[in-house]
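To start, the structure under review is shown below, and the notes come after it.
The values are calculated or read from the model by the stated rules, or taken from the named source; none is laboratory data. Owing to the predicted nature of the structure, the values given are computational and were not obtained by experimental measurement. Because the Cβ atoms are built from the backbone with ideal geometry, glycine has one as well, and the counts that use them run over all protein chains shown.
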Amino acid sequence: MTYAIARPDQAIAPALQQRIDTKTKPLGALGRLEPLARQIGLIQQSLSPVLRKPHMLVFAGDHGAAKAGVSAYPQDVTWQMVENFLAGGAAINVFARQMGMGLTVVDAGVAHDFGSRPGLIDAKIAPGTANYLEEPALTVAQRDAALARGRELARGLAADGCNVIGFGEMGIGNTAAASLLTHCLTGTELDVVIGRGTGLDDAGMIRKRALLAQAVARGGRRGDPLEALAEYGGLEIAMMAGAMLGAAEAGMLLLIDGFIVTSALLVAYEIAPEIIDYCVFAHRSEEPGHAVQLAHLGAAPLVQLDLRLGEGTGAALAFPLVQAAVNFLNEMASFESAGVSGKDA
């Protein structure tokens, strides 16, 4: 499967920079908002970019290794939290409402039958992955189906007029899968990228490290993104990677959340490096592996709030900063229009 992601045309860049620099402020005085505004203008090829129908997609899936003890919570919490999302009671619901963002939950592979529900897309490839301690988590067919379905979902949002998409996830055990993918795709030692996830104690961390080392001893350190995804990935991670690739193809702005979401981006980036131009990195997670991922991608997150919840909460919380970048570009007076003297020559 190939993806047609074009690098934004740089021809408009000087005009964008001139527009930013002539606002009523000292050069660079709006800090990180200035390159953010420039990035959004480049993506949209516009001096007056517009954010349309911002939407959060939260991908959910179960992991076969969860029952082996890689998480502090039982596997049933995945479907129970999806019910919480659908009832509007989770943190991501609260923040998406506050930010005026749409929210859809995608069942990529939860071991539960939800039936037809408002706000839920049934994209289930399988009721969870296989146990990567014993065999590859996904078959090639499952992996490719998840990637294709994610791409289709992003294209559907774009066709409906959305041009900014935030990514979130839910899946007990998915920090372990993210650690394995990060180990494979960045080459960082496994222990460095393993964190406490949902709150493992010291004994739980010892167990988690041993189990993930066992997984790598079986499946190897796969440097190829598609091979790594099949070996250790979750269905929610695979579908999210496909959605990211599809969103970038459609010229959308991608709001990247924390550790698990960035593990999906690592896969997408290795498939199509051009995707990076479309990504805004919302925050830096408390998971130790997230700093490794960000460094590997050369990414600077907008904020650090010590978050470690997932669900796309960091992406939603960062959205007002994205709005602020667009708004100052469009609405702030220039020195000329305001009749304000510029800096002395």
Give the residues of region 161-195 that are within 29 Å of H55 (Cα to Cα) and without any contact (Cβ under 8 Å) to a residue 60 or more places away in the chain, sorted by residue number.
L180
If A65 satisfies all but one of (1) more than 18 Å from L321 (Cβ to Cβ); (2) surrounded by fewer than 17 Cβ atoms within 10 Å (Cβ to Cβ), what's the number of the condition it fails?
(2)
I need the full set of residues from region 47-75 which are within 24 Å of A243 (Cα to Cα) and out of contact with any Gly (no Cβ under 8 Å at 6 or more places or on another chain), in order please.
V50, L51
Test: R38 is touching a residue at least 24 places away in the same chain (Cβ under 8 Å) and either in a strand (DSSP E or B) or within 21 Å of F319 (Cα to Cα) (or both)
yes
Does Q17 meet the test of being part of a helix (DSSP H, G or I) and surrounded by 20 or more Cβ atoms within 10 Å (Cβ to Cβ)?
no
Go through the residues of region 312-327 one by one and say whether even a single one is in a helix (DSSP H, G or I), in contact with an Asp or Glu (Cβ under 6 Å, 6 or more places away or on another chain) and touching a residue at least 12 places away in the same chain (Cβ under 8 Å).
yes
Determine whether Y3 is in contact with a helix residue (DSSP H, G or I) (Cβ under 6 Å, 6 or more places away or on another chain), modelled with pLDDT under 95, part of a loop (DSSP other than H, G, I, E, B) and surrounded by 14 or more Cβ atoms within 10 Å (Cβ to Cβ).
yes
Look at region 47-74 and say how many of its residues are among the hydrophobic types (A, V, I, L, M, F, W, C), more than 21 Å from Q98 (Cβ to Cβ) and touching a strand residue (DSSP E or B) at 6+ places or on another chain (Cβ under 8 Å).
2
I'm trying to understand the selection: among the residues of region 200-228, which are small (G, A, S), over 12 Å from V70 (Cα atoms) and in contact (Cβ under 8 Å) with a residue 60 or more places away in the chain?
G219
Which of (1) at pLDDT 95 or above; (2) more than 27 Å from C279 (Cα to Cα) is the odd one out, the single condition S71 does not satisfy?
(1)
Residue count, region 129-147 (criterion: in contact with a helix residue (DSSP H, G or I) (Cβ under 6 Å, 6 or more places away or on another chain) and either among the small types (G, A, S) or not assigned by TED's automatic domain parsing to the domain that holds G173 (or both))
3
When you scan region 292-303, how many residues do you find that are over 13 Å from S263 (Cβ atoms) and either part of a helix (DSSP H, G or I) or at pLDDT below 95 (or both)?
1
Looking at region 70-78, is at least one residue in contact (Cβ under 8 Å) with a residue 12 or more places away in the chain, of a type in the set (F, W, Y) and buried (at least 19 other Cβ atoms within 10 Å of the Cβ)?
no
